[in-house]
Amino acid sequence: MNQLRSDAARSRERILDAARRVPLVDLRLNDLARDAGVGVGTVYRHFPTVTALLEALHREPLEQLVESARRAAQSDDPASAFTDLIRAGTSAQLAHEGLQAVLTAPDASEEVSALREELHRCAAQALDAAIAHGQVRDELTVSSVLRLVCGIEHAVRLGDGEDRELLQDVLISGLLAPRP
């Protein structure tokens with residue numbers, strides 16, 4: 001029985017390794033079976049949907065992003081904490097193609113849904129604190145900020161990435177409360 005578990009674990013890792021080598025737009029579970037050297041049934045047993053596969057590939061970056069949001073929610077410096085969270089979010093999405101899909105997938109697993117809920121809750125706390133201190137525009141919502149972060153990821157990917165910092169700075173400048 002332990003042998004089956006270790007075989008299953010090896011198969012799962014081979015599938016994940018093969019998936020990491022394929023651009024997100026080309027990811028097909030049937031092709032992945034061939035690339036990983038396993039049967040199609042094995043792939044579907046481990047990852048019944050592309051979303052399940054993306055969740056497995058992006059679990060660690062999602063957990064790191066949630067941890068960034070926790071720190072931002074508990075910070076004594078709301079403006080810096082909030083802008084650091086924005087930078088962490090855009091950086092994570094740029095470093096891990098497919099993370100955005102995990103953050104927005106309607107068919108997410110319970111476990112990933114719980115992480116996303118915590119991310120939203122902590123981000124909302126950080127945003128509310130920054131708004132309460134008059135440092136961030138009061139009409140913003142977590143939902144609108146998340147869409148903007150996704151937009152920055154898309155904008156950076158459309159180019160060569162050289163303007164990443166500039167685009168992040170422009171986004172953050174637009175989020176800040178207007179000066180009197």
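The values are calculated or read from the model by the stated rules, or taken from the named source; none is laboratory data. Bear in mind that the values here come from a model prediction, so they are computed numbers and not experimental data. Ideal geometry is used to build each Cβ from the backbone, glycine not excepted, and the neighbour counts take in all protein chains shown. Keep in mind that these areas ignore ligands, DNA and RNA; they rest on the heavy atoms of the full protein, side chains included. Shrake-Rupley method; radii C 1.70, N 1.55, O 1.52, S 1.80 Å.
If you scan the range 96-115, which residues turn out to be part of a helix (DSSP H, G or I) and in contact with a Lys or Arg (Cβ under 7 Å, 6 or more places away or on another chain)?
Once the filter is applied, which keeps residues that are part of a helix (DSSP H, G or I) and in contact with a Lys or Arg (Cβ under 7 Å, 6 or more places away or on another chain), the range 96-115 yields only Leu103.
Listed residues Ala114, Ala126; which is under 16 Å from Ile172 (Cα atoms), without any contact (Cβ under 8 Å) to a residue 60 or more places away in the chain and not charged (D, E, K, R)?
The unique qualifying residue is Ala126.
Please verify whether the range 64-72 includes one or more residues that are over 28 Å from Ala177 (Cβ atoms), in contact with a Lys or Arg (Cβ under 8 Å, 6 or more places away or on another chain), assigned to a helix (DSSP H, G or I) and not hydrophobic (A, V, I, L, M, F, W, C).
The answer is no, given that none of the residues of the range 64-72 is over 28 Å from Ala177 (Cβ atoms), in contact with a Lys or Arg (Cβ under 8 Å, 6 or more places away or on another chain), assigned to a helix (DSSP H, G or I) and not hydrophobic (A, V, I, L, M, F, W, C).
Which one of Gln125, Gln135, Gln168 is modelled with pLDDT under 95 and open to solvent by 30 Å² or more (accessible area, probe 1.4 Å)?
Among Gln125, Gln135, Gln168, only Gln135 is modelled with pLDDT under 95 and open to solvent by 30 Å² or more (accessible area, probe 1.4 Å).
Exactly one condition in (1) part of a helix (DSSP H, G or I); (2) open to solvent by less than 30 Å² (accessible area, probe 1.4 Å) is false for Val38; which is it?
Status for Val38: all satisfied but (1).
Do we find that Gln93 is out of contact with any His (no Cβ under 6 Å at 6 or more places or on another chain), in a helix (DSSP H, G or I) and either open to solvent by 30 Å² or more (accessible area, probe 1.4 Å) or of a type in the set (Phe, Trp, Tyr) (or both) in this structure?
No: the conditions fail for Gln93.
Take the conditions of a type outside the set (Val, Ile, Thr), over 21 Å from Glu111 (Cβ atoms), modelled with pLDDT of 95 or more and open to solvent by 50 Å² or more (accessible area, probe 1.4 Å) and apply them to Arg28. Does it pass?
It is false that Arg28 is of a type outside the set (Val, Ile, Thr), over 21 Å from Glu111 (Cβ atoms), modelled with pLDDT of 95 or more and open to solvent by 50 Å² or more (accessible area, probe 1.4 Å).
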